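The values are calculated or read from the model by the stated rules, or taken from the named source; none is laboratory data. Here the structure is a predicted model, which means the values were calculated and not measured. Cβ: placed from backbone, ideal geometry, glycine included. Neighbour counts: every protein chain shown.
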Amino acid sequence: MSFIRRLPIYLLLDNSESMVGDPLAAVNQGLQQLCFEVKSDPMAIETAWMSVITFGGKPRVVAPLTEVLQFSPPPLYVGPGTNLGAGLELLAQSIRNEVRKSTAEQRGDWRPIIFLMTDGQPTDNWRDGLNRFRATVSPKDANIIAIGCGEDVDMDVLKAITPVTLLMKTLTPGALQAFFKWVSASVSTASVRVGGEGKPFELPALPPGVEMPTQSGSSSLHAASQLILFSRCQKDGNLYLMRYRRSAGGYQAERAYPVGRDYAAEVSSGYGLDIDAGQLSGSPACPYCGNPGFKPLSDKSLMCHDRLELRGGRAQVMFVLDITGSMAGEIEGVKDNIKDFMDYIHSEGLSAKVGLIAFRDLEEDEPPEVLTFQGKPFTKDAGMFKKQVSRLVADGGGANDGESSFDAIALACHQPFDQGVTRILILITDEPPLTPDGRIRSLEDVATALSQAHIDQLHIVAPDYVQDRYTPLHHTVKGDVFDLDAGARGGSTFRKILLDIGKSISIATRIG
């Protein structure tokens, strides 16, 4: 049985909260325009099949791979979070199930073309998702074009996915419509080339406002250009999103947008307003009842109110640092980059204090140490923190298989965190945990300590070969994992890890 060779086109689109309003409306209009134009191209009709996958909230195949004449994309709606990693996994699954491979008897489909579009930073573990995507779809299996839109996108993330990355600096309806017109031209160009039996795929001329960047996208970290907060109407409980735009000295209220019950069903706990109240100016009116303000509740969720009531967002960050003999670079890295780390968190609107617990090996009679700053375990003074860290020496550790990291985490959980703050632990180690060890006898004991202390985030910095000993803790408390490989042992690379943790803290404590 023979098949017509198809040219699969996959659109992997960001529909997270930051796209609410005009941007998502422009994407919906652009998809309709794309649909109309490819149906007007005879060669595209002969060869192209199209699919749309979104990754705001739970990734969805909103339009499975369909021949062009039957293709009709449904409207896209906002979803909670930018789940790029999960979106890549769903894309790989779709390609595996839908794209025909060549066999000894017949030739399969043409190489798929993937257009990935996003306007922000992933809120899930995109690295794991990318690894699973690559296990199914190798670089030779598909042409991937990634476009980052607006000021907040991290181009380094996109460059890790594909070398063909584009940047749209301004996320306006006109720019998005021009982009989808360019996508339709790309589909037409590709259709002609495969119709000519495999000429190399080439992109048409880029539309105005889109460029191919030559520099890293994370070299100049800055405060987000917008904040998206979500709230409930106090009268009927309906959810809505509020957009704030960066302005001089903070963020100015712009507009509120109603969202449906499908969005509410996917929102996880923590509707938090964990940002400095001084950063916000004004409030959009509730789109349901017209209340002019909002207030935070005890669970950090927001509810509309007859006036604006804010409290400052605060965080306490406790580093849990292995200081055995192999960790000299990490000690220097924390010491040298703590000011930049704190400055970045503050630029994102969080008022943060930091502390540090240094640990080695209890089996070698090396107890952990809680650094103190004028008698307290947390400080806002980066200079004082750096001075205390400077006296730490990388030494010790036994010949056994691990260090006393679990006991150190438990000790961190027992520190006197303030009420109402976001509680964050950052574990940095190059060894697995000793179990049993000291007070902690198992992984379950650590999970219990984290839960009882109401720790909000646990970020792990460790080599890939020991990460699986720690990542089960993320079933109890959310957080990200950062690779401590040979190139990240201090210096500028470790600085990037700390700033990436700062970004993760910011993303986890607000929607954006």
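Structural remarks
- Members of segment 294-326 that are modelled with pLDDT under 90 and of a type in the set (A, V, I, L, M): Leu297, Leu302, Leu308, Leu310, Ala315
- Count of residues meeting criterion [crowded, with 16+ Cβ neighbours inside 10 Å and farther than 18 Å from Phe115 by Cβ] in segment 31-45: 1
- Failed condition for Gln279, given (1) surrounded by 17 or more Cβ atoms within 10 Å (Cβ to Cβ); (2) modelled with pLDDT of 90 or more; (3) farther than 21 Å from Ala25 by Cα: (2)
- Output for segment 395-425, where each listed residue is closer than 15 Å to Val446 by Cβ and either surrounded by fewer than 17 Cβ atoms within 10 Å (Cβ to Cβ) or among the β-branched types (Val, Ile, Thr) (or both): Ile409, His414
- For segment 14-39, taking the residues that are part of a loop (DSSP other than H, G, I, E, B) and not polar (S, T, N, Q), the one that is nearest to the chain's Cα centre (by Cα) is identified as Asp14.
- Meets criteria (modelled with pLDDT under 90, more than 25 Å from the chain's Cα centre (by Cα) and at positive phi) for Gly250: no
- Taken over segment 337-385, residues that are assigned to a loop (DSSP other than H, G, I, E, B), among the aliphatic types (A, V, I, L, M) and closer than 30 Å to Ile228 by Cβ amount to 1.
- Selection status of Ala399, part of a loop (DSSP other than H, G, I, E, B), of a type in the set (A, V, I, L, M) and farther than 14 Å from Leu356 by Cβ: yes
- If you go through segment 137-171 and keep only what is of a type outside the set (A, V, I, L, M, F, W, C) and touching a residue at least 60 places away in the same chain (Cβ under 8 Å), you end up with Gly148, Gly150, Glu151, Asp152, Asp154, Asp156.
- In the set (1) touching a residue at least 12 places away in the same chain (Cβ under 8 Å); (2) over 16 Å from Leu12 (Cα atoms), the condition left unmet by Asn97 is number (1).
- Residues in segment 40-72 that are part of a loop (DSSP other than H, G, I, E, B) and in contact with a strand residue (DSSP E or B) (Cβ under 9 Å, 6 or more places away or on another chain): Asp41, Phe55, Pro59, Phe71, Ser72.
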